[in-house]
Amino acid sequence: MLTSKNAIFYLLSCGLHVGVYSGLFTLLNQIIQPFFVENKDSEIGMMGFSAIIVGIIGSYLCGFALDKTKKFKIISSITIFSSLISISLLTGFLHFSNLIAIFILVGLNGFAMTSQFTVAYDFMAELTFPVSESSMSAVLNLSYGIFGFLITQFMQMAIERNEKPYNGLYLLSEFV
């Protein structure tokens, strides 16, 4: 499995993608809260919840599209590109402190980023075909865990140093 350059590249890109996902949704409250005068903890919690629900729907739709078209690379590219667009829009809209717009953009992030999980497992299975799916899934999960931990820690340090959460979100968007 680790002899295929395409598989290694995809493994690293998926790890980075999930690392950004982990960083964003782990630090969601710290990133969004400073842009509002009053306490919005419950609303931010609902944003995270809606991102999960919308992400489940996105995963289902991507799985359905993969079953119908078998276009793994195209669908993977679409989900990663839509993640870049949605996190960039979220970064820009934070300055307006519009709760509804931010709520929608967090949901779009959940849709785009969670959808990649389904695509990644299927595409890695195709890239590493003779290798068993359980071995491939274990290596993919290891990549997710390592990048998720590292990027979340990096983002936490960036937020604490600058005391400007949008700088941390900007750095997250650089990883996507």
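Overall, the accessible surface of the chain at a probe of 1.4 angstrom is composed of carbon and sulfur to the extent of 68 percent. Between the Cα long axis of helix 41-69 and the first principal axis of the chain there is an angle of about 20°, rounded to the nearest 10.
Counting GluC sites (Glu not before Pro) as exposed when in a DSSP loop with at most 13 other beta carbons within 10 Å, what is the longest stretch of the chain free of them? So the longest stretch without any such site is 39-162. Measure nothing but the geometry: give the 0 to 90° angle between the long axis through the Cα atoms of 165-175 and the longest principal axis through the Cα atoms of the chain, rounded to 10°. Between the helix axis and the principal axis of the chain, the angle is about 20 degrees. When every alpha-carbon pair in the chain is counted, what percent end up more than 21 Å apart? When all Cα pairs of the chain are counted, 48 percent exceed 21 Å.
Connecting C-alpha atoms closer than 10 Å in a GNM of the chain, tell me which of GLY45, GLY148, GLY58 has the biggest fluctuation. The residue that fluctuates most here is GLY45.
Counting lysine pairs in the chain whose alpha carbons fall under 29 angstrom apart, excluding pairs fewer than 8 residues apart on the same chain, gives 5. The residues of the stretch 53-116 have, on average, 52 Å² of accessible surface per residue, using a 1.4 Å probe with all protein chains present. Charge dipole of the chain (Cα centre as origin; +1 on each Lys and Arg Cβ, -1 on each Asp and Glu Cβ, all else neutral): 420 debye, rounded to the nearest 20. A 1.4 Å probe over all protein chains sorts LYS73, LYS5 by accessible area into LYS5, LYS73, starting with the largest.
Cα convex hull, the stretch 31-101: 83 Å³ per residue, rounded to a whole number.
The angle between the Cα long axis of helix 99-127 and the main principal axis of the chain comes to about 10°, on a 0 to 90 degree scale. Please name which of GLN156, LEU90, PHE129 has its Cα lying farthest along the dipole of the stretch 1-160 towards the positive end, using unit charges on Cβ (Lys, Arg +1; Asp, Glu -1) and the Cα centre as origin. Projecting each Cα onto the dipole axis, the largest value belongs to PHE129.
The values are calculated or read from the model by the stated rules, or taken from the named source; none is laboratory data. In this text the structure is predicted, and so the values were computed from the model without any measurement. Note that we place each Cβ from the backbone using ideal geometry, even for glycine, and neighbour counts take in every protein chain shown. Keep in mind that these areas ignore ligands, DNA and RNA; they rest on the heavy atoms of the full protein, side chains included. Shrake-Rupley method; radii C 1.70, N 1.55, O 1.52, S 1.80 Å.
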